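Shown next, in structure tokens, is the structure this report addresses.
Since every read-out is calculated from the coordinates, none of them should be taken as a lab result. Small disclaimer: the values here were computed from a predicted structure and weren't measured. In this analysis, Cβ positions are derived from the backbone assuming ideal geometry, glycine residues included, and neighbour counts consider all displayed protein chains.
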Amino acid sequence: MTAAALETRGLVAGYEPDLPIVRGVDLTVAPGELLVLLGPNGAGKSTLVKAIAGVVPVHAGSVHLGGRDITRVAAHRKIGEGLAFVPQTENIFARMTIHENLQLAAAILPKALRAEKIDAMYRRFADLGAKPSRLAGALSGGQRQMLAVARALIVDPPVLILDEPSAGLSPKIVGEVFAMLKEINAGGVTVILVEQNVKAALSIASRAVILVEGRIRHEGAAAALLGDPLVAKLYLGTGHTQTAEQP
């Protein structure tokens, strides 16, 4: 039996031990899935992925990656285990160039592989390869997301988690970012994202999980949820185009 790409068991997490935000979440993500986490404001979506990534304390339960328990692995070491996390903010070094950002991300690789992996990112993300000496802080919102994702992908992680990748982007750029994520997923990377743009997220996802008050309340095929007005009304607002803010 193939191990889940990612699994949480009874996960309880939050910034304070006596005030959990994530309350006993059992989540299983199959290899190759593109899963979107949805829910109303304050549902605990971002806290859940941050707990998985190791940047929010876990008070009970466990996180497993490919069958291995990584609950207590330090956040900065999880990339070495195969889990890449792209936070919503502070996901690049603005005062460094594109190339310096990628060099830093590649530093955990053997020296012989670093240049090859950076070149692979330049081929994949043409905007980055066009001007590698440009300061990251001068990039557009979409280009910053591309750089953040490139930094995460440089070590070929089997699982990529993103927190609100479309936040602050124009509709055109949102489309480009989501097309990029769909392509990455098609290449074999398991993708999990928290997203405020419900309609756009469901249009690319294979499955969706809806959190309410730190617990999973509903899940199913993304296409089915996209066309289910009752689910939209009960859990996401009054319509399909409603955008749920992060907690």
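Can you find even one residue in the range 136-157 that is over 21 Å from the mean Cα position of the chain (by Cα) and surrounded by fewer than 16 Cβ atoms within 10 Å (Cβ to Cβ)? Yes, there is a match, as at least one residue in the range 136-157 is over 21 Å from the mean Cα position of the chain (by Cα) and surrounded by fewer than 16 Cβ atoms within 10 Å (Cβ to Cβ).
Of all residues in the range 56-80, those satisfying the criterion of being closer than 20 Å to T190 by Cα, surrounded by 15 or more Cβ atoms within 10 Å (Cβ to Cβ), out of contact with any Gly (no Cβ under 7 Å at 6 or more places or on another chain) and free of Cβ contacts under 8 Å to residues at least 60 places away in the same chain are V63, I70, T71. I210 - would you say it is of a type in the set (A, V, I, L, M, F, W, C), touching a His at 6+ places or on another chain (Cβ under 7 Å) and within 26 Å of P157 (Cβ to Cβ)? Yes, satisfied.
Is it true that I21 is more than 22 Å from L202 (Cα to Cα) and in contact with a Pro (Cβ under 8 Å, 6 or more places away or on another chain)? Against the criterion (more than 22 Å from L202 (Cα to Cα) and in contact with a Pro (Cβ under 8 Å, 6 or more places away or on another chain)), I21 qualifies.
Pick from the range 102-111 the residues that are assigned to a helix (DSSP H, G or I) and surrounded by fewer than 18 Cβ atoms within 10 Å (Cβ to Cβ): which of them is farthest from the chain's Cα centre (by Cα)? Here the answer is K111. On the basis of being farther than 16 Å from L102 by Cβ, without any contact (Cβ under 8 Å) to a residue 24 or more places away in the chain, loosely packed, with under 15 Cβ neighbours inside 10 Å and small (G, A, S), does G168 make the cut? So G168 fails the test.
Here is the figure for the range 81-101: residues that are under 18 Å from K117 (Cβ atoms), among the aliphatic types (A, V, I, L, M) and not in a strand (DSSP E or B) total 3. All of R123, R114 fail the test of being assigned to a helix (DSSP H, G or I), surrounded by 12 or more Cβ atoms within 10 Å (Cβ to Cβ) and free of Cβ contacts under 8 Å to residues at least 60 places away in the same chain, apart from R114.
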